Amino acid sequence: MTDLLAGRLFAPLALSAIGALALLVLVLMKGDLCPGQRRRISDGLVSVWAVLGLSLMLGVEAKVPSLMLGWGALTLIMGLAVLVYQARLAGKRSLSITWQWPASLMAAGLAVWIMFRVGPAGLFMLGAGGCVFGHLIMVRAKHRLQAFNVLLPLVGVGFSLLFTLVLVVQASIQADALVIESLVWPFGQLCGLVLAGALVWLWPVFRKEATSPPVLAVATLLILGALTLGQSIIWQLA
């Protein structure tokens, strides 16, 4: 049971962390940020590396190939080393974005490797998890890029819906009638989690209110739960 749960969680957590990393690096590169915002968002990358580290520990339980785990461990060490060095800087100073590139490129390679194993749905898993997790980190960092509070929920929900659609298409192509019948309840649960996550995530947008960390934390749990359930469906279709 532990191996099964670890296997279901490995890809969703790893891809969500790497997707969030890509989003935050893009924000640090292109966003109009004051030094305080830049430092807070940079420091928020520790959450990305923590989740990636958790996924690698689960990967050990799930018997993920050693080479992949080694690649992930090296990526994690490089990312944390940059944050440790940045922590020594006084005040609101932060390191140049170029310091993030080596670990980010390593993480991108790991994401491609995982998506190759997961299949077509892996791309949408990366997008949905990355958007919601990255949005949570940005809100906790008190960012002032208000457009992202509308854009990220819309894009993230779109990725979540496409993730579900891809799994439905895969099931209709690959599975026989008996397997499809056994997947009716998991697909119902998946749709329920996606819709609940979308409603919680988009609620502040509909009401034109400021997005709060507790609301985003709930949305993150719901979306990650949907991705985890989707991973179990992918296994059943394999």
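The values are calculated or read from the model by the stated rules, or taken from the named source; none is laboratory data. It should be emphasised that the depicted structure is a prediction, and the values quoted were computed from it without experimental measurement. Here Cβ is always computed from backbone atoms with ideal geometry, including for glycine, and neighbour counts include all displayed protein chains. Surface accessibility is based on the protein's heavy atoms, side chains included, excluding ligands, DNA and RNA. Shrake-Rupley method; radii C 1.70, N 1.55, O 1.52, S 1.80 Å.
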query = Where residues in region 135-162 are open to solvent by 30 Å² or more (accessible area, probe 1.4 Å) and touching a Phe, Trp or Tyr at 6+ places or on another chain (Cβ under 8 Å), which of them is nearest to SER42 (Cα to Cα)?
reply = PHE159
task = Six or more apart or on different chains, Cβ under 7 Å: which pairs go from a residue in region 55-74 that's part of a loop (DSSP other than H, G, I, E, B) to one that's surrounded by 13 or more Cβ atoms within 10 Å (Cβ to Cβ)? Could you list them?
result = ALA62/ALA6; ALA62/GLY7; ALA62/PHE10; VAL64/PHE10
task = Working only within region 24-41, note down all residues that are buried (at least 24 other Cβ atoms within 10 Å of the Cβ) and not β-branched (Val, Ile, Thr).
result = LEU24
task = For ALA6, indicate whether it is modelled with pLDDT under 90, closer than 19 Å to GLY72 by Cα and open to solvent by less than 10 Å² (accessible area, probe 1.4 Å).
result = yes
message = With at pLDDT 95 or above and crowded, with 19+ Cβ neighbours inside 10 Å as the only criterion, which of VAL64, VAL132 stands out?
response = VAL132
